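Written below as structure tokens is the structure these notes are about.
The values are calculated or read from the model by the stated rules, or taken from the named source; none is laboratory data. The structure displayed is predicted, hence computed values, not measured ones. Heads up, the Cβs are rebuilt from the backbone with ideal geometry, glycines too, and the neighbour counts pull from every protein chain shown. Surface accessibility is based on the protein's heavy atoms, side chains included, excluding ligands, DNA and RNA. Shrake-Rupley method; radii C 1.70, N 1.55, O 1.52, S 1.80 Å.
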Amino acid sequence: MRNGPRQRKRSKFLPTLFRTTAFKLTAAYLVIFGLFAAFVLGYVAWNAQRLLSDQIRSTIDAEIQGLAEQARQGGIRRLVNIVERRSRAPGASLYLVTTPVGERVAGNVEAIPPGTLDKTGESEIEYARTSETIDTPSHAIVRVFVLPAGFRLLVGRDVEERDRLGAVIRRAIGWSLALIFVLGCFASWFVARRVLRRIDGMTETAHGIMEGDLKGRLAIAGTGDELDRLALNLNAMLDRIGELMAGMQQVTDNIAHDLKTPLTRLRNRAEEALRTSKSPDELRTALDGSIEEADNLIRVFNALLMIARLEAGRISENMDELDLSEIVSGVAELYEPLAEEAGLTLVSDVAPGLRLFGNRELIVQALANLVDNALKYGQPDNGGEATVKVAARPVDGEIELSVADHGAGIPEADRGRVLDRFVRLDASRSKPGFGLGLSMVAGVVRLHGGQLRLEDNAPGLRAVIALPATEPKPVETLPPSGAAASTAEPNPAGVPSL
């Protein structure tokens, strides 16, 4: 009973093991390697046997030539004496001299297949040296030679050594294939089990994540193999999903907190108008205020929708080659009156001929948000330099757009946090807005494959957008200020304070 769970686990493990890709691939490699090994060993055996057969034939030819020469010089009697002497010597050589009618005269062969002496030339036969070995014949390669007066001379060599070598090689092939099969099965089991353990670990982690453990991550073995690369990519995907879910939760919480105040204000204003208004003019004034609050809320939801579309990349198809110099100059000119009203001086430094591939409306919106933030928060402390600078210049194959002010700036510890939705620092709570402007800028920059950096302007803040540039083309003279103003969007009066 104690081994019951272990046996059930093993019985469940083996079918799973046989279904794994690692086991199937290893088994396929085993079959291929076994066939290749069998082919190689068979080829070696065939060549070895052929080499021995060639040596036997060479020996037979040499002996026949010598014996034929002796027969020419001394006649049949000398040949018979030489065959008798050689037949008594131990060895694998075979000799037989017969009369024209097939009667045995001399030699060490007792029995051969009928008709062997009738065919001259080489053949492979069964033979017996004595009458006692007729039931267990041996094999030999023989050659028949016709002597003068019709006598027959048979010279051959026993092929027992060749057959023994062939048997040894066949046994070696068999044992080799068996060993390859056993080792291959063990290797298949070992590899598949090792891979299956890692896959099971990944599966358990995935189940944990599906059950709510969003902090779970796939284990990395550190070997750098394909499973490690898969785990790294999946972990990066899980990190990104975690970031998105955390951002979604943060957005939900921020919507619940930050939009509660304007909604409450909208309701209180409508309720107060119903309770206190005594004339149609007072009701109209209250209704106008409610409409303005509703417009602000609509702008906030539109901004959230735009950020979501940017992060999903759903606007990437509306791209074209843009003249960035014209766009930046137009936006800077449009905001000059607003800067004067805020008591600031807006200056621009735009290099000519800057071109990039992107969405014109999004680029204008991102730049307008940065300029709007600089005008709102760029008032210098203690009567410093009241200047907002908009610049665009090429830097190492990229285009850098920068908006710099001399206001209070953003602490370095908060520069990453302010790019999230609805994040507003304590110093900016008194200013209008909802904390979505920089989030939208970051989404636009990511969509265009660029980077957004918030740097210290000593004093103040310098927001830098780095975007990939296209090949420069001849640039026409920029249109007059009025024309530039007419092509740049959105109108500063219509840019929402986000």
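Things to note:
- Test: Thr26 is in contact with a Leu (Cβ under 6 Å, 6 or more places away or on another chain) and modelled with pLDDT under 80: no
- First in the stretch 212-230 and in contact (Cβ under 8 Å) with a residue 40 or more places away in the chain and assigned to a loop (DSSP other than H, G, I, E, B), second anywhere and open to solvent by 50 Å² or more (accessible area, probe 1.4 Å) and aromatic (Phe, Trp, Tyr), Cβ under 6 Å, 6 or more apart: none
- Test: Phe151 is farther than 30 Å from Phe23 by Cβ, touching a residue at least 60 places away in the same chain (Cβ under 8 Å), hydrophobic (A, V, I, L, M, F, W, C) and open to solvent by less than 70 Å² (accessible area, probe 1.4 Å): yes
- So Ile363, is it within 30 Å of Leu244 (Cβ to Cβ) and part of a loop (DSSP other than H, G, I, E, B): no
- Hits in the stretch 322-343 - residues which are outside any helix (DSSP H, G or I) and free of Cβ contacts under 8 Å to residues at least 60 places away in the same chain: Leu322, Ala342, Gly343
For every residue, the table says whether it meets (1) at pLDDT below 80; (2) among the small types (Gly, Ala, Ser); (3) open to solvent by 100 Å² or more (accessible area, probe 1.4 Å); (4) within 26 Å of the chain's Cα centre (by Cα).
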| site | (1), (2), (3), (4) |
| --- | --- |
| Thr205 | no, no, no, yes |
| Leu214 | yes, no, no, yes |
| Ile220 | no, no, no, yes |
| Leu234 | no, no, no, yes |
| Gly242 | no, yes, no, yes |
| Asn268 | no, no, no, no |
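- In the stretch 34-47, the residues that are at positive phi form no Cβ pair under 6 Å with any partner that is open to solvent by less than 30 Å² (accessible area, probe 1.4 Å) and at pLDDT below 85, whether six or more places apart or across chains.
- Looking across Asp456, Asp426, one residue alone is at pLDDT below 80, open to solvent by 20 Å² or more (accessible area, probe 1.4 Å) and either in contact with a Pro (Cβ under 7 Å, 6 or more places away or on another chain) or farther than 23 Å from Arg360 by Cβ (or both). It is Asp426.
- Only one of the numbered conditions (1) at pLDDT 65 or above; (2) outside any loop (DSSP other than H, G, I, E, B) is not met by Gly435, and that is (2).
- With respect to the conditions (1) at pLDDT below 65; (2) surrounded by 18 or more Cβ atoms within 10 Å (Cβ to Cβ), Leu467 falls short on a single one, namely (1).
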